[in-house]
Amino acid sequence: MAEALRTVVGRAINGRVGAGRSTTGRRGRPYRAVAGPADRPRLPAHQHRVGWLLRVNRLYGRSERWLRSAAFAEAFQGGCWAERASIYQISRWETAAVGAPYLAIRRYEELLDLPSHHLVALVDTIHRDATSTRKVSPALVRSPDRLAASDRLDELVERAASSTDLLTGVEWDELTRRLAAAPGMVITPHRAWADIAERLLSETIVADGIAWMQRYEALSRLLAHPVGQQAAVAACASLAADPTNQVFVETVSVLDASDHPDANRYVLQQLVHPTNERAQYGALLASVRKLRFGHFTDTEMPRLVAIIQELTFDSTRRDDIQPLAAELLRRLPNTISAASRTRLQALAADPTLEQVLRAGRLADQEASQRLVARLAGAVTAGMPRDVPHFRDDVLPVLLDEMLFHPVFDVRLLAAITVSGTPYRQPLAAVLAAELARPAVLGASVAPAMIEALRLVGGAEQRAVIERLITASGVPARITVASAQAIGHVGGRSEDRFWRQAITYHAGLWQRTRRPANAAALSSLTYGLGMTRNRAMLHRLRADDQMPEQVRAAATWWLNLSTVVYESANQ
């Protein structure tokens, strides 16, 4: 989901503070990375969330019939699932005693009347986060392909390298899965690897929802492929170095999926000499997972630590860079010099940075837990039915991560996970109600609530986001966060809104030259691109009263390939 969602650092689910863990550089030297308050054993965490995803979709789905696991098990045989299923088997899948296989997840989709590959895409996203970047194939193993492998692979390669053929998300999944099964694959001409990588990246950054998850997973596989990874890394690096590009965070941060030396080099390059602050932020995000999997070498680590320390103490950058840099520094305590430790004491005056450095959170735990408990209670009260003997201990943990984790990717993964359940609509309504309160809009948690609405919000919540974009008297961070969200939240805005919002911020920018208004205009342009509103993009490009970067952004969106645009919707 362009500029917003990226491969994410998974967190665990049970509230205990994790022990420190050792991150080893490629040459064997251990770098100590301190686990955050939500870090727990990796395998139980992500497997548990997959089981939880299946369970809450069954319990709160459209049909009350499936409340009884016996009825669900009795109906399970059929469709894509040929065998009988027992209550015991359903329970083991939903409690993560064993992992549910691919066809079982597809059968959940069929019985629960969910969109095709809805749960599969979510499960792939959760697994990918917890999987080593050396793992090319999906953790959720697919059934054997029915068509002859060589003929089908040839067809998919030819279509992906084409500038005219459309590819669906399911087909990108199939292509990269077949390539993963053939690590020594030779594609001729060799340029086809670059054509496939560039097209997949282009579709990924303009896709949304399930289509985005499928393409992001496919791109992650390509970035880990022994042969294809160099072309994939080069595609990301080239786009990130292009100042006319409009999607930088995702383009750089996805390099966390590759341990290739070139991926490390480009991430460090964007940290030290970034194309812009969005590219630098993407490089910081990539560094989180690269540190976790020990991608950086002995030679690279000192450069990384130096720039992280510099960014931690620099309050002049965009608002989200300093807390993320502080979190990275917190995870590397053994690298902090005595002089830096002294400087860190001065950061304690900032309550957000103090919490990040002390506890790996964006807010005090006691106060945030009260808010999370209230939100979880309101969401549960909004569900269509009561479920006897079911106490959901996972939802509060996901809400806590969604609102208070210092790593943007973790917040977004939590929101993605909740968005794949029937909790989505009640949560969206609760967040919108919170944002209607002036006290909440002034609180530090408000931007994270708006971020979450990008994923869980529907057409009703879109009206809330529209109002905040042009509301007077709200903090600038609320205005910008709302403008950034409008391209993803559900529903569709009328041209009247776009004209009003653009006129409002353009007028303020022309009078004051405030960066917040320029940022709002750029984000509105992004929203127009994501919602495919070409008529309004043409108007922006032709308006010589607009900031130059806004007209350039409109031009970039208008120049995107029609095939890329159309494929990214499928």
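Could you tell me what fraction of 2.2 N^0.38 Å the Cα radius of gyration of segment 460-549 comes to, as a two-decimal ratio?
On the way: Rg = 11.9 Å, N = 90, 2.2 N^0.38 = 12.2 Å.
Relative to the rule-of-thumb radius for its length, segment 460-549 sits at 0.98.
Counting alpha carbon pairs within less than 8 Å and at least 6 residues apart, what relative contact order, in whole percent, applies to the chain?
Numbers: 890 pairs, mean separation 85.0, N = 570.
Relative contact order for the chain comes out at 15 percent.
For the pair residue 569/residue 334, report the inter-label distance in nm, with labels modelled 7 Å from Cα in the Cβ direction.
Modelled inter-label distance: 5.3 nm.
Taking each pair of different alpha-carbon atoms in the chain once, compute 1/r for the pair, average those values, and report the inverse of that mean as the Kirkwood hydrodynamic radius in Å to one decimal. Mind showing how you got there, number by number?
Numbers: mean 1/r = 0.0411 Å⁻¹.
Answer for the chain: a Kirkwood hydrodynamic radius of 24.3 Å.
Apply the Kirkwood formula to segment 365-416: the hydrodynamic radius equals the inverse of the mean of 1/r over all pairs of different alpha-carbon atoms; give it in Å with one decimal.
Numbers: mean 1/r = 0.0847 Å⁻¹.
Computed over Cα pairs of segment 365-416, the Kirkwood hydrodynamic radius comes out at 11.8 Å.
Mean 1/r over all different Cα pairs, inverted: what Kirkwood radius does segment 405-491 give, in Å?
Details: mean 1/r = 0.0788 Å⁻¹.
About 12.7 Å, per the Kirkwood formula over Cα pairs.
Mind giving me the nanometre distance, one decimal, between the label points for residue 80 and residue 277, set 7 Å out from Cα along Cα→Cβ?
Calculated label separation equals 4.4 nm.
Residue 367 to residue 439: extension gain in nm, 0.36 nm per residue of separation minus the Cα-Cα distance? Write down the numbers at each step before the final one.
Details: separation 72, 0.36 × 72 = 25.92 nm, distance 1.45 nm.
Extending this stretch completely gives an extra 24.5 nm.
Using a probe radius of 1.4 Å on heavy atoms only, what accessible surface per residue do you get for segment 480-553? Whole Å² is fine.
On the way: 3330 Å² over 74 residues.
Per-residue value: 45 Å².
Just the ratio, please: alpha-carbon radius of gyration of segment 413-570 over 2.2 N^0.38 Å, N its number of residues.
Numbers: Rg = 15.7 Å, N = 158, 2.2 N^0.38 = 15.1 Å.
Taking the Cα Rg and dividing by 2.2 N^0.38 Å, one obtains 1.04.
Let me have the relative contact order for segment 268-365, percent, based on Cα pairs under 8 Å that are six or more residues apart.
Details: 81 pairs, mean separation 20.2, N = 98.
Averaging sequence separation for qualifying contacts and normalising by length gives 21 percent for segment 268-365.
Per-residue ellipticity at 222 nm for the chain, helices alone: DSSP H runs ≥ 4 residues times -39500 (n - 2.57), over residue total, nearest 500 deg cm²/dmol?
On the way: 30 runs with 350 residues, N = 570.
Helix contribution divided over all residues of the chain: -19000 deg cm²/dmol.
Rounded to the nearest whole Å³, what is the per residue volume of the convex hull around the Cα atoms of segment 251-386? Write out the running numbers ahead of the final one.
Working: hull volume 21.1 nm³, N = 136.
So the per-residue Cα hull volume is 155 Å³.
Hey, could you get me the Stokes-Einstein D for segment 313-433, Kirkwood radius over alpha-carbon pairs, 25 °C and 0.890 mPa s, rounded to whole µm² s⁻¹? The partial results should precede the final answer.
Values: Rh = 16.1 Å.
Result for D is 152 µm²/s.
Say R0 is 41 Å: what FRET efficiency, to the nearest 0.05, do residue 163 and residue 62 get from their beta-carbon distance?
Working: r = 41 Å, r/R0 = 1.00.
Once rounded, the FRET efficiency stands at 0.50.
Report the local net charge at residue 542: Lys and Arg +1, Asp and Glu -1, summed over other residues whose C-beta lies under 13 Å from its C-beta.
+2
Could you order the peptides 399-406, 209-216, 247-254 from most to least packed, using the average number of other C-beta atoms within 10 Å per residue? Mind dumping the intermediate values first?
Details: 399-406: 26.0, 209-216: 24.4, 247-254: 27.5.
Top to bottom by mean Cβ count within 10 Å: 247-254, 399-406, 209-216.
Could you state the accessible area per residue of segment 176-291 in Å², with a 1.4 Å probe and every protein chain left in place?
Numbers: 3190 Å² over 116 residues.
Result: 27 Å² per residue.
Ordered by residue, what ³J(HN,Hα) values in Hz, to whole numbers, does segment 483-492 give under the Karplus form 6.51 cos²θ - 1.76 cosθ + 1.60, where θ = phi - 60° and Gly and Pro are x?
5, 5, 7, 5, x, 10, 4, x, x, 9
So, with a 1.4 angstrom probe, what is the percent of accessible area on the chain that is carbon and sulfur?
52 percent
Which whole-number percent of Cα pairs in segment 62-130 have a distance greater than 15 Å?
It works out to 55 percent of all Cα pairs.
For the residue pair residue 542 and residue 561, what label-to-label distance in nm results when each label sits 7 Å from Cα along the Cα-to-beta-carbon direction?
In this crude label model, residue 542 to residue 561 measures out at 2.8 nm.
Looking at segment 256-334, I'd like the Rg to Rh ratio, where Rg is from alpha-carbon atoms and Rh is Kirkwood's inverse mean 1/r.
Numbers: Rg = 11.4 Å, Rh = 12.3 Å.
Radius of gyration over Kirkwood radius for segment 256-334 works out to 0.92.
The values are calculated or read from the model by the stated rules, or taken from the named source; none is laboratory data. Keep in mind it's a predicted model, so treat the numbers as computed, not measured. Using ideal geometry, Cβ is built from the backbone for each residue, glycine included, and neighbour counts are taken over all protein chains shown. Remember, those area values only see protein heavy atoms, side chains included, never the ligands or the DNA or RNA. Shrake-Rupley method; radii C 1.70, N 1.55, O 1.52, S 1.80 Å.
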